[in-house]
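The values are calculated or read from the model by the stated rules, or taken from the named source; none is laboratory data. The model shown is predicted, which means the values in this text are computed figures rather than measured ones. Don't worry about glycine lacking a Cβ; one is built from the backbone with ideal geometry, like all the others, and counts go over all protein chains shown.
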């Protein structure tokens with residue numbers, strides 16, 4: 001990451017993953033989960049669903065929906081979050097391709 005001084009304040013350019021920048025373990029997984037959680041929240045608002053209605057439609061408890069809306073998605077797997085989006089009317093495509101680097105990465109793109 002690049003550091004520089006702007007108006008007397010040291011700033012550091014983000015890597016693009018705030019969780020990695022904070023040094024959190026499983027930063028890539030957290031980034032993917034947070035993107036999925038944001039889409040779930042946006043879908044709920046777009047559909048005008050209450051937490052209870054959304055919970056029923058997604059097949060999870062209202063408590064998990066409440067946690068999800070407060071960015072507590074640690075108790076839900078990526079697979080479960082994708083299933084929730086399916087139940088809210090989203091298609092999900094997973095694209096795999098070889099990388100030239102020794103280790104691949106995961107990326108979430110929302111259309």
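Output the number of residues of the stretch 49-61 satisfying the condition of being touching a helix residue (DSSP H, G or I) at 6+ places or on another chain (Cβ under 8 Å) and either modelled with pLDDT under 95 or loosely packed, with under 15 Cβ neighbours inside 10 Å (or both). Don't jump to the end; show me each part of the working.
First pass over the stretch 49-61, keeping only residues touching a helix residue (DSSP H, G or I) at 6+ places or on another chain (Cβ under 8 Å): 49, 51-52, 54-55, 57-61.
Next cut, either modelled with pLDDT under 95 or loosely packed, with under 15 Cβ neighbours inside 10 Å (or both) only: 52, 59, 61.
Residues in the stretch 49-61 being touching a helix residue (DSSP H, G or I) at 6+ places or on another chain (Cβ under 8 Å) and either modelled with pLDDT under 95 or loosely packed, with under 15 Cβ neighbours inside 10 Å (or both): 3 in total.
Six or more apart or on different chains, Cβ atoms under 7 Å: show the pairs whose first residue is in the stretch 76-91 and under 11 Å from residue 43 (Cα atoms) and whose second is in a loop (DSSP other than H, G, I, E, B).
Listed by first residue and then by second, the contacts come to 84/60; 85/92; 86/92; 87/59.
Restricting to the stretch 70-111, give me the number of residues that are over 14 Å from residue 37 (Cα atoms), loosely packed, with under 10 Cβ neighbours inside 10 Å and under 12 Å from the mean Cα position of the chain (by Cα).
The number of residues fulfilling the criteria is 0.
Could you please give the count of residues in the stretch 1-36 that are part of a loop (DSSP other than H, G, I, E, B) and under 23 Å from the mean Cα position of the chain (by Cα)?
Kept after step one, since they are part of a loop (DSSP other than H, G, I, E, B), are these residues of the stretch 1-36: 1-2, 7-8, 13-17, 22-26.
Then drop every residue that is not under 23 Å from the mean Cα position of the chain (by Cα), which leaves 1, 13-17, 22-26.
Counting residues in the stretch 1-36 that are part of a loop (DSSP other than H, G, I, E, B) and under 23 Å from the mean Cα position of the chain (by Cα) gives 11.
Go through (1) modelled with pLDDT of 90 or more; (2) assigned to a loop (DSSP other than H, G, I, E, B); (3) exposed (fewer than 15 other Cβ atoms within 10 Å of the Cβ) for residue 46 and report which single condition fails.
With respect to (1) modelled with pLDDT of 90 or more; (2) assigned to a loop (DSSP other than H, G, I, E, B); (3) exposed (fewer than 15 other Cβ atoms within 10 Å of the Cβ), residue 46 is out only on (2).
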